[in-house]
Amino acid sequence: MAKRTQMPKKPRPVGKGQSKPVGKPASRRAASPTWLLAVVVGAVVLVVAGVIVLQVQSQQRSTTPSGQIGEGAAWGPAGAPVKIVEYSNFGCSYCKSFALGTGMRLRAEYEPTGLVRYEFKHLRLGSPGPDDASNAAECAADQGRFWDYHDIVFAQQGVVRDPFGKAALKQYGAQLGLNAAVFNRCVDSGQHMDRVLRDSDQGRAQRVTGTPTFFVNGAQLVGDVPYDQFKAAIDAALAGAAK
């Protein structure tokens, strides 16, 4: 007998009550590990890039000098035709009179012009209190507030009982809204006392024996110089620089 040829069975259509096979196609399951790998690699790249950026920023901060004379205890551009250097002491009454009088007027008139570079330097006179105030002023300079702090310290001289005590010096910083943790640590540690000593040594080398003493393009002025006299010295220096 001849064998009957069997016809291939057709797939049965899905009818009611039947469900399609559950699961993703094999091709999708194969692509899943690749997708996860791409995500992981991308995340690693982002983390590494972030670390590099933080390292660069940290290096930039560590190499940027803080509280420098040219940035903190000075006003006016470094290349100005007239350079004034003041040697002062926060415990000196003549320095206070100058700072809150002629000094403020000079700053208001000449700082906007760019014609004058004015640098403040510390001269030690043997009393530790004003030295602590000098250090604190440089701590304020680290946060860009030297001149504001300078004005407060002089204004408190002779007004409060202990104007140069650590508590008072920290309170002045609080009045200016300085970062208290950073500022107070700087004050307590005497962080910038080396600058105070260096300024004083420079003054002694120039035979400065009292405060305030000024050099206007090298010409010396001593004492609580009246505004008109100081302005005349600046005008003469400007005229000389123009020749």
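The values are calculated or read from the model by the stated rules, or taken from the named source; none is laboratory data. Everything numeric here is computed off the predicted structure, so don't read it as measured data. Glycine also receives a Cβ, built like all others from the backbone with ideal geometry; neighbour counts cover every protein chain displayed.
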Inset, instruction - Mind checking which helices (runs of 4 or more DSSP H) fall wholly inside region 145-243 and carry at least 3 residues that are of a type outside the set (A, V, I, L, M, F, W, C) and closer than 29 Å to LYS83 by Cα? - result: 146-156, 193-205, 227-242
Inset, instruction - Report yes if some residue within region 108-115 is surrounded by 14 or more Cβ atoms within 10 Å (Cβ to Cβ), at pLDDT 95 or above and among the β-branched types (Val, Ile, Thr); otherwise report no. - result: no
Inset, instruction - Scan region 157-169 and give yes if some residue there is farther than 21 Å from VAL196 by Cα, out of contact with any Phe, Trp or Tyr (no Cβ under 9 Å at 6 or more places or on another chain) and crowded, with 16+ Cβ neighbours inside 10 Å, otherwise no. - result: no
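How many of the residues in region 148-169 are among the basic types (Lys, Arg) and in contact (Cβ under 8 Å) with a residue 24 or more places away in the chain?
Keep residues of region 148-169 that are among the basic types (Lys, Arg), which gives 161, 166.
After this cut, where a residue has to be in contact (Cβ under 8 Å) with a residue 24 or more places away in the chain as well, the list is 166.
Total satisfying the criteria: 1.
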Legend entry - Exclusive hit being over 22 Å from HIS122 (Cα atoms) and among the acidic types (Asp, Glu), set ASP188, ASP235: ASP235
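In region 227-243, which residue that is among the hydrophobic types (A, V, I, L, M, F, W, C), touching a residue at least 60 places away in the same chain (Cβ under 8 Å) and surrounded by 14 or more Cβ atoms within 10 Å (Cβ to Cβ) is farthest from SER93 (Cα to Cα)?
The residue in question is LEU238.
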Inset, instruction - Give the residues of region 70-124 that are more than 25 Å from the chain's Cα centre (by Cα) and acidic (Asp, Glu), sorted by residue number. - result: GLU109
Legend entry - Residues of region 104-129 satisfying the condition of being in contact (Cβ under 8 Å) with a residue 12 or more places away in the chain and closer than 15 Å to TYR87 by Cα: ARG117, TYR118, GLU119, PHE120, LYS121, HIS122, LEU123, ARG124, LEU125
Inset, instruction - Select from region 126-144 the residues that are part of a loop (DSSP other than H, G, I, E, B) and modelled with pLDDT of 95 or more and write down the one among them that is surrounded by the most Cβ atoms within 10 Å (Cβ to Cβ). - result: GLN143
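Yes or no, residue by residue, for (1) touching a Ser or Thr at 6+ places or on another chain (Cβ under 9 Å); (2) at pLDDT below 95; (3) surrounded by fewer than 15 Cβ atoms within 10 Å (Cβ to Cβ):
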site: ASP194; (1), (2), (3): no, no, yes
site: ARG198; (1), (2), (3): no, no, yes
site: GLN202; (1), (2), (3): no, no, no
site: ARG207; (1), (2), (3): no, no, yes
site: PHE215; (1), (2), (3): no, no, no
site: ALA219; (1), (2), (3): no, no, yes
site: VAL225; (1), (2), (3): yes, no, no
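Where residues in region 158-176 are of a type in the set (Gly, Ala, Ser) and closer than 18 Å to PRO128 by Cα, which of them is farthest from the chain's Cα centre (by Cα)? Working first, answer last.
Narrowing region 158-176 to residues of a type in the set (Gly, Ala, Ser): 158, 165, 167-168, 173-174.
Filter once more, keeping what is closer than 18 Å to PRO128 by Cα: 158, 165, 167-168.
Details: GLY158: 31, GLY165: 25, ALA167: 23, ALA168: 23 Å.
Checking each candidate, the answer is GLY158.
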